[in-house]
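Peer 1: The structure follows.
None of the figures in this text is laboratory data; all of them are computed from the coordinates on show. These figures come from a predicted structure and were not determined experimentally. We place every Cβ from the backbone using ideal geometry, glycine too, and count neighbours over all the protein chains shown.
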């Protein structure tokens, strides 16, 4: 989804003027997650050709790849080298993933980061929901990015069991389908959860995108270890 498509998707949505999210092209935007009213931050970026190439080879050669590890940011490069398949442009991918890990660790002053890197052929979390943790980083290296909703475009009473067994489009959860937002592949997303201090019931509402037949996504998530 390019910039024009993003703006067209936002047009007419109730949440357009609210300040519950922040986005930008510079890493400094990530610090806005500490602002009380902000529950989602997007660092927009384009993946380097070498990084995208490694991701494609990983998805093709290791369709069931699923890495879970707790990593010390200071040892990230060496740790990732031992955990990731030795494919062309591995170093470029490791440098990029280590950068994300370092930014996340510095932002929240973490000595260790819980990392999960997984190839997906289905939506892991197909329903809109909030996380019960502090703040998660999500980045889609290949495939469609995370979908999310502005605070004023969602009826939180319809989350979870409040949907009465109906899907997201039928339950009344969403003000209208046109207001569903989606980040691009490569973007870095911070999702403030219900577990953030003083944020109970106000976590960022998001879901995994639907995956069509034969499509695969490569997604990394980072959490407080």
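Peer 1: What list do you get for 91, 185, 139 if you sort them by fewest beta carbons within 10 Å? It would help to have the intermediate numbers written out before the result.
Peer 2: Values: 91 13, 185 20, 139 24.
Ordered by Cβ neighbours within 10 Å, fewest first: 91, 185, 139.
Peer 1: Sorted from fewest to most neighbouring beta carbons within 10 Å, what does the list 129, 206 look like? Could you put the intermediate results ahead of the total?
Peer 2: Working: 129 16, 206 23.
Going from least to most buried by this count: 129, 206.
Peer 1: Hey, another quick one. Can you compute the label reach from residue 81? Point 7 Å from Cα along the Cβ direction, backbone N cut-off under 11 Å, restricted to segment 184-225.
Peer 2: Once the point is set 7 Å along Cα→Cβ of residue 81, nothing inside segment 184-225 turns out to lie under 11 Å by backbone N.
Peer 1: Just subtract the alpha-carbon distance of residue 34 and residue 224 from 0.36 nm times their residue separation and send over the number in nm, one decimal.
Peer 2: On the way: separation 190, 0.36 × 190 = 68.40 nm, distance 1.54 nm.
Computed gain between residue 34 and residue 224 is 66.9 nm.
Peer 1: Give, in nm to one decimal, the length gained when the segment between residue 46 and residue 26 is fully stretched (0.36 nm per residue of separation minus the Cα-Cα distance). Don't jump to the answer; show the numbers that get you there.
Peer 2: Numbers: separation 20, 0.36 × 20 = 7.20 nm, distance 1.21 nm.
Net length gain for the segment: 6.0 nm.
Peer 1: Now for a separate question. Calculate for the chain the 222 nm mean residue ellipticity that helices alone would give, adding -39,500 (n - 2.57) per DSSP H run of length 4 or more and normalising by residue count, nearest 500 deg cm²/dmol. Write down the numbers at each step before the final one.
Peer 2: Values: 4 runs with 48 residues, N = 225.
Result for the chain, helices only: -6500 deg cm²/dmol.
Peer 1: So how do 187, 121 line up by other beta-carbon neighbours within 10 Å, fewest first? Show your work: numbers first, answer last.
Peer 2: Working: 187 20, 121 15.
Placing the least packed residue first, the sequence is 121, 187.
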